[in-house]
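A quick write-up on the structure given underneath.
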Amino acid sequence: MSTNSNLLGGNKLKNRVMLSDTNLLLIINIVVFLVMYVCAIVFLKSGFTKPQTFLNILNENASLLILSCGMTLVMLTGGIDISVGQVTCLVCMACAVFLNREGGTPYDLEISMLIAIGIGLAFGIIQGYLVAYLEFQPFIVTLIGMTLAKGLTTMISHDRVAVTQPRFEALCKLEINIPCGFTRTETGEIVPLYLGSANKLGEWVNAHVEIGVIIALAVLILLFVMLRWTKLGRSFYAVGGNNQSANMLGINVKLTKFLSHVLCGLCAGIGGYVFFLHSRSGSTLHAQGAEMNAIASAIIGGTMLSGGVGNIVGALFGVLSLSTIKSIVASLGLQDAWWTNITVAGMLCIFLILQSVILSRRNQSKK
Amino acid sequence: MTSNENRLKTKRSLMSLIQILVPIAFLLILVVINLIHDPSFFKIGLEPSSAGNLQLSGNIISIVDYASELAILAIGMTLVTAASGGQDISVGATIAIAGSVVLNIVKRYSPDISSQKFIGIIILAFLLSILVSAAFGAFNGSLVAFFKIQPMVATLILFTAGRSIAAWINNNENISIADPRFGYFGGFIPGIVIPTPVLISVLCMIVIAVVLKFTNLRLYAQAVGINSSSSRLNGINPQIIKLLCFIILGVCVAVCGLIKVSRTASITYSVIAANIELDAILAVALGGNNLGGGKFNIASSVVGAYVIQFLTTTLLNFNVSSDAISFWKGVAVLALIISSSPYIRRTWTDIKNKREAARAQEQVQPQNTVKEEGV
């Protein structure tokens with residue numbers, strides 16, 4: 001009898017804990033995002049009903065989304081990477097200078113992609129080695145990485161470099177429409193119907209996304225699958241939750257930490273290239289503060305900096321919430337630049353306090 | 001027993017000595033490099049300024065002068081690091097707020113007032129900026145202490161919003177103060193040959209040394225940093241200690257804000273004290289303090305701050321372009337931090353232990369014990 005009741009109690013507790021960590025924070029974030037967007041549609045009306053407005057948020061923040069995914073991985077193991085913004089900047093500058101050089105080969109575009117991934121991987125491997133095997137604090141290591149990347153960027157060029165390579169421009173201008181059904185034209189052909197909205201003249205304008213969004217979503221899905229169903233992904237959670245018990249379970253803690261930094265570096269390289277595709281130029285001012293935005297999105301998405309709690313889908317909704325509140329503030333007519341920052345900070349503050357309250361309640365219920 | 005305690009004590013003081021020796025050794029390397037490259041680097045002159053007052057000049061003076069803000073920040077940052085086990089990344093933004101408050105008050109009241117009271121207005125503005133930045137420090141501190149948010153994340157809020165708040169205070173206007181006396185705090189007071197920021201930073205160091213000597217702040221901060229819950233069981237309130245450390249950092253930030261705006265007599269919200277938080281954290285790390293909290297050595301961090309400024313000036317002296325400075329700075333700091341990493345230290349002690357064990361095996365057993373007692 002007693003064991004039975006114990007079992008029941010254990011089950012109850014388990015359910016509660018399951019809801020209390022990752023999922024609850026993520027659900028709160030999704031609800032807040034939806035409420036925010038619906039309020040914007042109802043009260044502001046200025047374009048929020050158009051699908052293109054939503055897709056523009058994605059277009060502009062595709063690189064931030066990739067950076068946030070990488071950041072989530074590192075934060076899951078209890079680390080942090082603040083070099084991603086400057087690595088993005090470095091990737092843009094290196095690729096721009098490479099594509100603009102005289103006498104290019106026909107495969108310049110592919111080589112520039114390899115350069116981007118190579119830079120990201122190099123930073124990831126060096127930082128990961130220092131953090132995991134030489135046991136430095138991740139904050140300091142990536143701080144130095146940030147300084148190094150900044151110095152390298154300005155050493156390559158001080159000025160803004162606009163890219164004029166024809167194949168690259170063609171790739172940038174690639175617009176992908178989103179099919180949402182089929183219609184039959186008057187001649188009887190079956191034609192796909194694209195998502196979009198009518199403009200002022202009554203013509204149907206197809207909404208489009210850039211190639212970067214597709215890359216970002218692909219990265220998101222890959223990482224989601226990895227975290228959910230692979231051994232490596234589960235070991236990220238284990239290492240972040242408790243270092244020592246993960247070690248006792250036979251997980252190679254050092255290798256896991258190393259790999260999280262390598263993957264984050266890879267994400268920074270890919271994110272840098274996506275930023276490059278969006279901006280079509282290299283400049284020392286690119287992606288300023290992107291690392292803080294990425295950390296903020298990951299936190300709003302429910303990833304805890306203490307490690308072990310988080311979800312890669314949270315990064316998506318974190319980025320969406322962050323950029324939606326920015327566009328709401330902009331469309332409210334508060335044009336002054338400071339309002340955006342203050343609202344973002346306020347939102348971050350609310351989510352942090354929410355996290356902490358939930359965490360302390362969970363700890364109490366455990367006792 | 002007492003000899004054991006004594007031994008422990010000497011060992012402890014030796015440890016803190018070793019800790020401060022690391023940045024000093026780095027400083028010495030820089031000095032030697034400069035001596036070989038250009039001995040006139042160390043020339044200190046006494047020259048009259050444009051107003052006719054005598055002032056000290058030279059590379060060393062400018063290093064000590066420009067490192068003042070960093071040294072003051074390093075004091076507060078070390079305390080915060082020790083007690084909370086994290087760093088405050090909002091100091092640059094809070095400096096902008098403090099400077100903005102000072103300029104706002106001085107600009108608002110200075111035109112209507114007789115010139116004798118000008119200094120009084122500056123002091124009033126300074127006190128108000130101390131209040132404001134201590135309040136922001138308390139905000140950060142309460143997030144860390146009561147809501148148990150990691151310090152770096154809690155201060156991310158102010159890091160994002162701080163410069164915007166600073167611009168908001170002055171309605172994004174570019175304020176500049178024409179009165180030359182406003183520049184005293186960032187330049188020279190007539191009749192005194194030492195730059196005022198140096199005097200202010202020395203004053204801050206004396207104050208913190210006195211506080212640490214005569215209060216239990218050091219012990220409490222270390223106890224909270226090493227183990228928060230066991231310090232609570234010993235009757236220390238960890239939340240108040242953490243809050244206190246953040247408020248002290250807030251006061252340090254206000255002092256830096258005054259020096260910064262006094263140097264230029266104006267403010268650029270997005271540029272003022274940019275990246276100073278990173279340099280301050282580096283100063284703490286260079287000083288050999290554990291960034292995860294616990295034991296700390298403020299003198300060591302302050303030396304670390306001067307090392308950073310010395311490095312920058314040395315690089316400029318070597319005609320490194322100002323763009324590439326951050327790269328070489330990163331390389332130098334990386335080398336230093338690798339050399340003092342826990343892994344390298346452990347390997348080093350491992351090698352030493354093995355050697356000692358080998359020596360002990362060679363020697364006869366009784367001799368060995370006698371030797372140990374002698375030590």
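Listed values, structure above:
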{"quantity": "Solvent accessible area, Å² - A:Trp204, 1.4 Å probe, full protein context", "calculated": "140 Å²"}
{"quantity": "Neighbour count of at most 11 Cβ within 10 Å plus DSSP loop: longest GluC sites (Glu not before Pro)-free window in chain A", "calculated": "A:204-367"}
{"quantity": "Unit charges on C-beta of K, R, D, E only; dipole of the protein assembly as shown, Debye", "calculated": "2300 debye"}
{"quantity": "Shielding by partners, peptide B:138-151 (average Cβ within 10 angstrom, other chains)", "calculated": "3"}
{"quantity": "Modelled FRET efficiency - R0 25 Å, B:Ser142 with B:Leu212, Cβ distances, 0.05 increments", "calculated": "0.60"}
{"quantity": "Solvent exposure ordering (accessible area, 1.4 Å, most first) of B:Phe26, B:Phe146, A:Phe276", "calculated": "B:Phe146, B:Phe26, A:Phe276"}
{"quantity": "Span from the segment B:244-296 Cα centroid across to the segment B:136-157 one, whole angstrom", "calculated": "16 Å"}
{"quantity": "Computed label-point distance, nm, for sites A:Ala162 and B:Arg7 using a 7 Å Cα→Cβ extension", "calculated": "7.5 nm"}
{"quantity": "Residues in segment B:209-223 that a label on B:Leu233 would reach, taking backbone N under 19 Å of a point 7 Å out along Cα→Cβ", "calculated": "B:220-223"}
{"quantity": "Exposure ranking of B:Val80, B:Val271, B:Val198 by accessible area [1.4 Å probe, largest first]", "calculated": "B:Val271, B:Val198, B:Val80"}
{"quantity": "Shielding by partners - mean other protein chain Cβ count within 10 Å, residues of B:159-166", "calculated": "6"}
{"quantity": "Estimated vicinal HN-Hα couplings, Hz - segment A:247-252 in sequence order (Karplus 6.51, -1.76, 1.60; Gly, Pro = x)", "calculated": "4, 5, 6, x, 8, 6"}
{"quantity": "Dipole magnitude of segment B:235-367 about its Cα centre (Cβ charges: Lys, Arg +1; Asp, Glu -1), debye to nearest 20", "calculated": "280 debye"}
{"quantity": "Buried on assembly, segment A:300-333 (at least 40 Å² less accessible surface than by itself, 1.4 Å probe)", "calculated": "A:Leu305"}
{"quantity": "Å² of accessible area per residue within segment A:44-172, as computed with a 1.4 Å probe and no ligands counted", "calculated": "36 Å²"}
{"quantity": "A versus B: buried accessible surface, summed, Å² (probe 1.4 Å, to nearest 100)", "calculated": "3600 Å²"}
{"quantity": "22 Å Cα-Cα threshold exceeded, pairs from B:Lys148/B:Lys329; A:Lys50/A:Lys200; B:Lys213/B:Lys242", "calculated": "B:Lys148/B:Lys329"}
{"quantity": "Chymotrypsin sites (Phe, Trp or Tyr not before Pro) within segment A:84-179, DSSP loop, no more than 13 other Cβ atoms inside 10 Å", "calculated": "A:Tyr107, A:Tyr133"}
{"quantity": "In degrees, nearest ten, helix B:342-362 long axis to first principal axis of chain B (Cα)", "calculated": "20 degrees"}
{"quantity": "Size of charge dipole - chain A - debye, nearest 20, with Cβ of Lys, Arg +1 and Asp, Glu -1, no other charges", "calculated": "1420 debye"}
{"quantity": "Gaussian network model of chain B, Cα within-10 Å springs - most flexible of B:Leu212, B:Leu128, B:Leu249", "calculated": "B:Leu212"}
{"quantity": "Rg in Å to one decimal, and Dmax rounded to a whole Å, for the protein assembly as shown via C-alpha atoms", "calculated": "28.5, 108"}
{"quantity": "Per-residue HN-Hα couplings for segment B:22-35 [Karplus 6.51, -1.76, 1.60; θ = phi - 60°; Hz; x = Gly/Pro]", "calculated": "4, x, 5, 4, 4, 4, 5, 4, 4, 4, 5, 4, 5, 4"}
{"quantity": "Carbon plus sulfur fraction of accessible area for segment B:174-284, probe 1.4 Å, in percent", "calculated": "65 percent"}
{"quantity": "Where chain B is the region considered: accessible area per residue in Å², 1.4 Å probe", "calculated": "49 Å²"}
{"quantity": "Chain A: most fluctuating residue of A:Ser260, A:Ser323, A:Ser297 per GNM, C-alpha cutoff 10 Å", "calculated": "A:Ser323"}
{"quantity": "Amide H contacts under 5 Å for B:Gln55, placed H, 5+ residues apart", "calculated": "B:Glu47, B:Ser49"}
{"quantity": "Nearest-10 value in Å² for the accessible area of A:Ser365, using the 1.4 Å probe", "calculated": "40 Å²"}
{"quantity": "Under 5 Å, built H, 5+ apart or other chain: amide partners of A:Leu193", "calculated": "A:Cys180, A:Gly181, A:Phe182, A:Thr183"}
{"quantity": "Within a Gaussian network of chain A (alpha carbon springs, distance under 10 Å), most fluctuating of A:Gly310, A:Gly333, A:Gly128", "calculated": "A:Gly333"}
{"quantity": "Heavy atoms of A:Phe48: accessible area, 1.4 Å probe, square angstrom to 10", "calculated": "10 Å²"}
{"quantity": "Rounded FRET efficiency, nearest 0.05, which uses the C-beta distance separating B:Val31 from B:Asn275 and R0 of 35 Å", "calculated": "0.85"}
{"quantity": "Solvent exposure ordering (accessible area, 1.4 Å, most first) of A:Lys173, A:Lys231", "calculated": "A:Lys231, A:Lys173"}
{"quantity": "Selection of trypsin sites (Lys or Arg not before Pro), segment A:54-163, meeting DSSP coil and at most 10 other Cβ within 10 Å", "calculated": "A:Arg101"}
{"quantity": "In sequence order, calculated HN-Hα J values of segment A:305-317 (Karplus, 6.51, -1.76, 1.60; Hz; x Gly/Pro)", "calculated": "5, 6, x, x, 10, x, 8, 5, 5, x, 4, 4, 6"}
{"quantity": "Accessible area of segment B:31-83 belonging to carbon and sulfur atoms, whole % at 1.4 Å probe", "calculated": "63 percent"}
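The values are calculated or read from the model by the stated rules, or taken from the named source; none is laboratory data. The model shown is predicted, which means the values in this text are computed figures rather than measured ones. Positions of Cβ are generated from backbone atoms using ideal geometry, with glycine treated the same way; all protein chains shown enter the neighbour counts. With ligands, DNA and RNA removed, areas are computed over all heavy atoms of the protein, side chains included. Shrake-Rupley method; radii C 1.70, N 1.55, O 1.52, S 1.80 Å.
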